[in-house]
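Here is the structure we will look at.
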Amino acid sequence: MNARWLLPLLFASTLPGFAQAQAIYPIDRATMLAGGKFDFKVEFDSVLKPADVRILINGKDYQQVLGKSATFVEREDGQDVSAVWIRNVFLPQAGKYEVEAQANGKTAKVTWDVYPSAEKRKAKNVILFIGDGLSVAHRTGARILLQRRDRRERRWSFGD
């Protein structure tokens, strides 16, 4: 009974071993629209060579699926970590996408849900605000300026 504190301590000390070494962005369970642009990034916890990295999207090479070549950063921000970037990409088809990144015997997986966008976009519930800049304070200020101008003009007029 005196060792009740030992179990939580033991569990907390083993928890970091279960953490994933890679991080994939967009994150797990991300929802996107087909054709919507995003940045794809995979971060690794150590310095790697491009040949050590394997990234698949639905079982196919990620560069083939995303349609662009990646930028591999061997030492990101001068740290002992590596990253793979592809900016401004999109997924043209709706569906479920499973992304898997492998390096140094570690694997990370995420799932994305890509929803179809409407064929023809249609505006609904449109509210139009027209800001003419003439609030009560603006109108009062304009009236005061006009009154001053009228007084000056009367002062300088030479009468008939």
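Determine the sum of side-chain charges near Gln102: Lys and Arg each +1, Asp and Glu each -1, restricted to other residues whose C-beta is under 10 angstrom from that of Gln102.
Details: positive: Arg54, Lys106, Lys109; negative: Asp52, Glu100.
With Lys, Arg at +1 and Asp, Glu at -1, the net is +1.
Ignoring ligands, DNA and RNA, please state the percent of accessible area on region 19-160 from carbon and sulfur, probe 1.4 Å.
Working: 5460 of 10620 Å².
Looking at region 19-160 in its full context, I get 51 percent from C and S.
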Region 43-151: equivalent-ellipsoid semi-axes (sqrt of 5 x gyration tensor eigenvalues, Cα, Å): 56, 24, 11
Nonlocal amide H pairs with Met32, under 5 Å, H built at 1.01 Å: Asp113, Val114, Tyr115
Per-pair calculated FRET efficiency, R0 = 45 Å: Ser135 and Gln63 via Cβ, rounded to 0.05: 0.25
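Which of the peptides 28-37, 42-51 is most tightly packed, and how do the rest follow, going by the mean number of other Cβ atoms within 10 Å of each residue?
Values: 28-37: 12.9, 42-51: 14.8.
So the order, starting with the most tightly packed, is 42-51, 28-37.
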Residue pairs, from the table Lys41/Lys124; Lys96/Lys122; Lys41/Lys120; Lys60/Lys106, whose Cα atoms sit over 24 Å apart: Lys41/Lys124; Lys96/Lys122; Lys41/Lys120
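The values are calculated or read from the model by the stated rules, or taken from the named source; none is laboratory data. The shown structure was predicted, so the numbers you read here are calculated from the model rather than taken from an experiment. No Cβ is skipped: glycine too gets one built from the backbone with ideal geometry, and neighbour counts run over all protein chains shown. Areas reflect the complete protein model, heavy atoms only, side chains present, ligands, DNA and RNA absent. Shrake-Rupley method; radii C 1.70, N 1.55, O 1.52, S 1.80 Å.
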